[in-house]
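Trainee: Structure provided below as structure tokens; questions to follow.
What follows draws every value from the coordinates through simple rules; no lab data is involved. Computed from a predicted structure; not experimentally measured. Every residue, glycine among them, receives a Cβ derived from its backbone with ideal geometry; neighbour counts consider all protein chains shown.
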Amino acid sequence: MNTLQPIKTVTGRAVFLPGNDIDTDRIIPARFLKCVTFDGLGEHLFRDERFTEEGTPKQHPLNEPRYLGATILLSGSNFGCGSSREHAPQALYRYGIRAIVTISVAEIFFGNSTTLGLPCVQASAGEIHRLARLVESDPTLKLTLDLEALTISFGDDSISVELPEDARKAFVTGRWDPIADLLEGTAETEVTAANLPYLSG
Amino acid sequence: MSKPKNLFEKVWESHAVRTLPNGQTQLLVGTHLIHEVTSPQAFGMLRDLGLPVKMPERTYATVDHIVPTDTHAEPFEDPLADEMIRELRKNCEAYGITLFDLPGGQQGIVHMVGPEQGITQPGTTVACGDSHTSTHGAFGAVAFGIGTSQVRDVLATQTLAMTKLKVRRIEVDGELCPGVFAKDVILHIIRLLGVKGGLGYAYEYGGEVFDRMSMEERMTVCNMSIEGGARCGYVNPDETTFAYLNGRPYAPSSEAWDEAVERWRAIASDPGCTYDDVVRIQARDIAPTVTWGINPGQAIFINERVPTVEGSAPGEREAVAEALEHMKLTPGTPIRGTRVDVAFLGSCTNARLSDFTEVARYLEGHRVDPRVKAIAVPGSQLVKAACEERGIDQVFRKAGFEWREAGCSMCLAMNPDKLIGDQLCASSSNRNFKGRQGSPTGRTVLMSPVMVAAAAVTGEISDARTVFGVRGVEA
């Protein structure tokens with residue numbers, strides 16, 4: 001039942017969102033979680049950072065026309081901390097983000113993103129700031145994240161990035177959504193459960 | 001004699017099903033908890049895939065995030081909230097999942113219901129689509145939050161694709177000073193290790209302070225592990241754990257009980273086992289702690305001053321400036337004396353019977369400052385009933401607190417309980433993120449329940465030891 005396509009590269013323009021510890025309440029405020037589907041979450045991405053309560057746009061990178069259409073998000077450390085809400089990576093994905101490059105990323109967010117086919121790779125603070133400066137001076141600059149080589153290339157330059165090997169492998173082999181693999185382990189799951197008294201009793 | 005192991009390793013090994021093609025572990029989830037916010041899409045995905053629920057008897061549900069707390073009467077005023085509770089009921093009914101629903105008297109915040117029912121047990125794996133699932137680690141379970149696609153994975157296969165965590169033991173030795181609570185201990189730990197200090201780790205809390213703590217206090221500590229970046233946190237099971245579980249509806253009984261206790265004893269970390277890291281903290285160094293910023297690591301002792309940008313480490317300055325701007329606090333001034341608009345006593349961190357009992361001890365004879373809106377929100381219907389049976393609700397009502405129905409309430413404001421404008425809230429919850437309590441400009445100061453009560457009665461952030469005359473402490 002595995003119908004996923006391998007994700008080996010992501011190419012696109014980038015936008016830099018400065019700051020560390022950008023939590024999932026900021027990415028998608030809780031009031032937008034009152035839904036039974038993920039449809040339409042993209043338009044509420046960073047709602048309270050991007051708009052006043054009256055709906056007037058604020059100064060925010062995602063509101064700047066020159067970054068419209070960017071698919072690669074650059075940010076600081078511990079990105080996506082806080083709540084486990086998958087609504088956060090869902091909102092980013094539905095907005096159009098296809099890769100996230102940060103100094104570090106919160107674990108639940110990382111797992112949620114991976115399962116959606118949204119790679120979160122890590123780079124040093126220095127390299128991210130260098131990319132941010134380049135993108136700011138030329139927002140049309142195309143970056144290519146290569147998940148096989150673990151690099152981001154741009155023009156004739158490139159930097160190296162990190163991604164845990166299990167996630168990297170999952171992307172490049174088209175197994176980033178684990179459901180098919182998990183279903184294949186059904187018989188073994190039953191054996192493991194039978195050996196646990198609280199599940200077999 | 002096999003190599004000594006820590007609890008996390010033992011639980012991981014006994015629940016590891018197999019190695020997945022990408023190298024991750026397929027991990028069996030013994031206990032799955034669900035609620036109305038992060039499960040509907042998972043059931044939708046399940047239906048799209050045409051899959052059944054693998055072990056419906058190992059998933060338990062309740063409704064907590066969206067329930068109003070002024071009244072549980074239905075239909076809810078908010079049609080979106082009403083749709084969510086109906087969706088949860090429909091899914092539980094369709095798949096044969098036990099639901100602790102509003103009319104049953106056992107509804108509550110999902111992290112209260114699991115322990116209350118005795119569903120949360122030592123040596124088990126617990127997953128829930130909520131980051132505060134780490135709470136269940138208080139029982140010596142490996143318990144962690146998951147996303148909605150993972151809720152689907154557990155429903156469909158009772159397993160998850162996981163990467164093994166490292167283990168850091170955090171030892172707090174000695175004795176806590178009077179007026180210092182479990183909440184202060186965990187806020188202090190997060191302050192010391194940082195909000196990303198726990199990335200890649202499970203936290204094992206050990207040492208005399210945790211040994212002496214009640215289960216409810218341990219839950220407060222484990223609850224906030226995720227705020228320190230650790231996906232799960234646990235305390236090794238001991239007599240306190242067993243005494244709490246004994247007689248609970250889903251706990252083993254009669255002969256099975258003795259066997260279970262024997263197993264639970266053996267699951268605790270072995271003497272001489274190793275950890276990837278060890279941190280030692282002296283209990284006497286911990287004072288009542290409050291946050292001043294916009295993440296739980298931005299915390300100070302009640303007698304300290306709000307940090308200044310210049311006085312902060314160069315790498316922290318932008319974050320400090322951003323936090324100060326949001327919080328509208330004056331750098332370099334004492335945090336004590338800051339005006340408070342709302343006092344919130346509730347959440348999966350601090351809304352258990354012992355929290356209300358402790359506060360009631362001090363609150364008797366005091367009145368909430370007329371400028372403050374104070375709400376007390378029990379974490380579960382059982383806690384609410386127990387408080388009412390003991391007359392604790394009367395102490396709160398007489399003091400001027402609103403006594404509410406059970407739910408998550410103003411911790412994340414998915415129900416009508418929200419801050420208005422830039423109100424400042426003294427809160428016993430777990431997150432002080434921008435906008436967390438329902439108003440984008442609202443301000444949250446995290447603290448222990450007794451400190452929330454002190455803020456409520458004085459109308460400002462105060463040292464509860466002074467306000468309530470805690471013995472053994474010089475003001």
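Trainee: Assuming a ≥ b ≥ c are the square roots of the Cα gyration tensor eigenvalues, decide whether region B:1-105 counts as rounded (a/c under 1.5), prolate (otherwise, with a/b larger than b/c) or oblate. Please list the in-between numbers first.
Mentor: Values: a/c = 2.95, a/b = 1.95, b/c = 1.51.
It is prolate, given that a/c is not under 1.5 and a/b is the larger ratio.
Trainee: Also, quick follow-up: Stick to Cα atoms and the Kirkwood definition of Rh, then tell me Rg/Rh for region B:326-470. Walk me through the intermediate numbers first.
Mentor: On the way: Rg = 14.0 Å, Rh = 14.8 Å.
Ratio of gyration radius to Kirkwood radius for region B:326-470: 0.95.
Trainee: Ranked highest first by average number of other Cβ atoms within 10 Å, how do B:239-246, B:102-109, B:198-205 line up?
Mentor: Numbers: B:239-246: 17.1, B:102-109: 19.8, B:198-205: 25.9.
Going from most to least packed, we get B:198-205, B:102-109, B:239-246.
Trainee: Region A:127-144 to region B:110-169: how many Å between their Cα centroids?
Mentor: If we compute the Cα centre of each part, the gap is 40 Å.
Trainee: Let me ask another. With an 8 Å cut-off on Cα pairs and a minimum separation of 6 or more residues, tell me the relative contact order of chain B in percent.
Mentor: That works out to 17 percent.
Trainee: Still on this structure: Can you pull the percent of Cα pairs in chain B with separation above 41 Å?
Mentor: Values: 16402 of 112575 pairs.
Roughly 15 percent, once rounded to a whole number.
Trainee: What percentages make up the Cα-Cα pair-distance distribution of region A:144-186 when the bins are 5 Å wide from 0?
Mentor: Binned Cα distances yield the sequence 6, 20, 23, 18, 12, 10, 6, 4, 2, 0.
Trainee: Could you tell me which residue out of A:T52, A:A70, A:P6 lies farthest along the dipole of region A:1-119 toward its positive end? Charges go on the beta carbon: Lys and Arg +1, Asp and Glu -1, centred on the Cα centre.
Mentor: Going by the Cα projections, it comes out as A:P6.
Trainee: A further question follows. Partner chain Cβ atoms within 10 Å, averaged over the residues of A:56-66 - can you pull that number for me? Before the final figure, lay out the partial values.
Mentor: Working: counts 0, 0, 0, 0, 0, 0, 0, 0, 0, 0, 0.
Average neighbour count from other chains, rounded to a whole number: 0.
Trainee: Quick one: which residues, 5+ away or cross-chain, put their amide H under 5 Å from the amide H of B:D277? H built at 1.01 Å from N.
Mentor: B:V167, B:R169
Trainee: List the lysines whose alpha-carbon lies under 23 Å from that of A:K142, not counting same-chain residues fewer than 8 positions away?
Mentor: By straight Cα distance, A:K142 reaches A:K8.
Trainee: Now a separate question. What residue among A:T102, A:T189, A:T151 shows peak mean-square fluctuation when chain A is described by a Gaussian network model with Cα springs under 10 Å?
Mentor: Comparing A:T102, A:T189, A:T151 in the GNM, the peak value goes to A:T189.
Trainee: Let me ask another. Going Cα to Cα from A:K34, which lysines come in below 22 Å? Please leave out same-chain ones fewer than 8 positions away.
Mentor: Answer for A:K34, where 22 Å is the Cα cut-off: B:K90, B:K418, B:K434, listed by chain and number.
Trainee: Can you list the residues of region A:1-32 with backbone N under 16 Å from a point 7 Å past the Cα of B:E316, pointing along Cα to Cβ?
Mentor: Of the residues in region A:1-32, A:20-21 have backbone N under 16 Å from the label point off B:E316.
Trainee: Compute the label zone of A:T52 within region B:414-449: residues whose backbone N is under 16 Å from the point 7 Å along Cα-to-Cβ.
Mentor: The answer is B:421-422, B:440-442, whose backbone nitrogens lie closer than 16 Å to the label point.
Trainee: Please average, across the residues of B:172-184, the number of beta carbons from any other chain that are within 10 Å of each residue's own beta carbon, and give a whole number. Let's see the in-between values first.
Mentor: Numbers: counts 0, 0, 0, 0, 0, 0, 0, 0, 0, 0, 0, 0, 0.
The mean count of partner-chain Cβ atoms within 10 Å per residue comes to 0.
Trainee: Under the √(5λ) rule applied to the eigenvalues of the Cα gyration tensor, what semi-axes describe the equivalent ellipsoid of the protein assembly as shown? Give them in Å, descending.
Mentor: Numbers: eigenvalues 249, 200, 121 Å².
The equivalent ellipsoid of the protein assembly as shown has semi-axes of 35, 32, 25 Å.
Trainee: Another question, if that's okay. Using the Cα centre of chain B as the reference point, and only Cβ charges (+1 on K/R, -1 on D/E), how large is the resulting charge dipole? Debye, rounded to the nearest 20. Don't skip to the end; give the middle numbers.
Mentor: Details: 48 positive and 59 negative charges, 129 e Å.
Computed about the Cα centre, the dipole is about 620 debye.
Trainee: I need the per residue convex hull volume for region B:38-190, using only the alpha carbons, in cubic angstrom as a whole number.
Mentor: Cα-based convex hull of region B:38-190, divided per residue, equals 155 Å³.
Trainee: Further question: If you place +1 on the Cβ of every Lys and Arg and -1 on the Cβ of every Asp and Glu, how big does the dipole about the Cα centre of the protein assembly as shown come out, in debye to the nearest 20? Write out the running numbers ahead of the final one.
Mentor: On the way: 66 positive and 86 negative charges, 132 e Å.
Dipole magnitude for the protein assembly as shown comes out near 640 debye.
Trainee: May I pose another question? Divide, for region B:177-273, the radius of gyration over alpha carbons by 2.2 N^0.38 Å, where N is the residue count.
Mentor: Numbers: Rg = 15.0 Å, N = 97, 2.2 N^0.38 = 12.5 Å.
The reported ratio for this selection is 1.20.
Trainee: When the gyration tensor of region A:47-201 is built from Cα positions, what are the square roots of 5 times its three eigenvalues, in whole Å, from largest to smallest?
Mentor: Values: eigenvalues 242, 87, 33 Å².
Gyration-tensor ellipsoid for region A:47-201: 35, 21, 13 Å.
Trainee: Once fully extended, how much extra length lies between B:R280 and B:K398, figured as 0.36 nm per residue of separation less the alpha-carbon to alpha-carbon distance?
Mentor: On the way: separation 118, 0.36 × 118 = 42.48 nm, distance 4.25 nm.
Computed gain between B:R280 and B:K398 is 38.2 nm.
Trainee: Then there is this: Give the relative contact order (percent, whole number) for region B:42-133; include only Cα pairs under 8 Å separated by 6+ residues. All intermediate terms of the calculation are to be shown ahead of the outcome.
Mentor: On the way: 69 pairs, mean separation 28.9, N = 92.
Relative contact order for region B:42-133 comes out at 31 percent.
Trainee: Now for a different question. Would you mind getting me the FRET efficiency between B:K3 and A:A187? Use the beta-carbon distance for r and R0 = 51 Å, nearest 0.05. It would help to have the intermediate numbers written out before the result.
Mentor: Values: r = 30 Å, r/R0 = 0.58.
Approximately 0.95, to the nearest 0.05.
Trainee: Let me ask something else about it. Could you work out, residue by residue across A:172-185, how many beta carbons of other chains sit within 10 Å of that residue's beta carbon, and then give the average as an integer? Don't skip to the answer; put the middle values down first.
Mentor: On the way: counts 1, 2, 0, 5, 2, 5, 13, 11, 2, 10, 16, 7, 5, 9.
Across A:172-185, the average partner-chain Cβ count within 10 Å equals 6.
Trainee: Moving on to the next point. Mind checking which aspartates and glutamates have their C-alpha under 17 Å from B:K373, skipping anything on the same chain fewer than 8 residues away?
Mentor: Within reach: B:D70, B:D341, B:D393, B:E402, B:E405, B:D417, B:D422, B:E460.
Trainee: Of B:A243, B:V195, B:A141, which is farthest on the positive side of the dipole of the protein assembly as shown, counting Cα position, with +1 on Lys and Arg Cβ, -1 on Asp and Glu Cβ, and the Cα centre as origin?
Mentor: Value: B:V195.
Trainee: Can you give me the Cα centroid spacing of region A:71-103 and region B:219-239 in angstrom?
Mentor: 26
Trainee: Report, please, the projected area of region A:126-170 averaged over directions, based on the convex hull of its C-alpha atoms, in nm². Don't skip to the answer; put the middle values down first.
Mentor: Working: hull surface 13.8 nm².
The orientation-averaged projected area of the Cα hull of region A:126-170 comes to 3.4 nm².
Trainee: With n ≥ 4 as the cut-off for DSSP H runs, can you work out [θ] at 222 nm for the protein assembly as shown, using -39500 (n - 2.57) per run divided by the number of residues, rounded to the nearest 500?
Mentor: Taking each H run of at least 4 residues, the total per residue is -9000 deg cm²/dmol.
Trainee: How far, in nm, would the chain grow between B:Y95 and B:R371 when pulled straight, counting 0.36 nm per residue and subtracting the alpha carbon separation?
Mentor: Working: separation 276, 0.36 × 276 = 99.36 nm, distance 4.88 nm.
The B:Y95-B:R371 span can extend by a further 94.5 nm.
Trainee: Go through B:T289, B:P314, B:V342 and say which Cα lies farthest out towards the positive end of the charge dipole of region B:258-351; charges sit on Cβ, +1 for Lys and Arg, -1 for Asp and Glu.
Mentor: Towards the positive end, the residue furthest out is B:V342.
Trainee: Oh, and also: How far, in degrees from 0 to 90, does helix A:107-116 lean away from the longest principal axis of the Cα atoms of chain A, to the nearest 10?
Mentor: It is inclined by approximately 90 degrees.
Trainee: Measure nothing but the geometry: give the 0 to 90° angle between the long axis through the Cα atoms of B:182-193 and the longest principal axis through the Cα atoms of chain B, rounded to 10°.
Mentor: 90
Trainee: Using only C-alpha positions, report the orientation-averaged shadow area of the convex hull of region A:1-110, nm², one decimal. Provide the component values of the computation, followed by the final result.
Mentor: Numbers: hull surface 31.8 nm².
Result: a mean projected hull area of 7.9 nm².
Trainee: Once amide H atoms are built 1.01 Å from N in the peptide plane, which residues 5 or more positions from B:I146, or in another chain, come under 5 Å H to H?
Mentor: B:C128, B:G129, B:D130
Trainee: Just need the relative contact order of region A:105-201 here, percent rounded to a whole number, with Cα pairs under 8 Å and 6+ apart.
Mentor: Numbers: 74 pairs, mean separation 23.1, N = 97.
After rounding, I find 24 percent.
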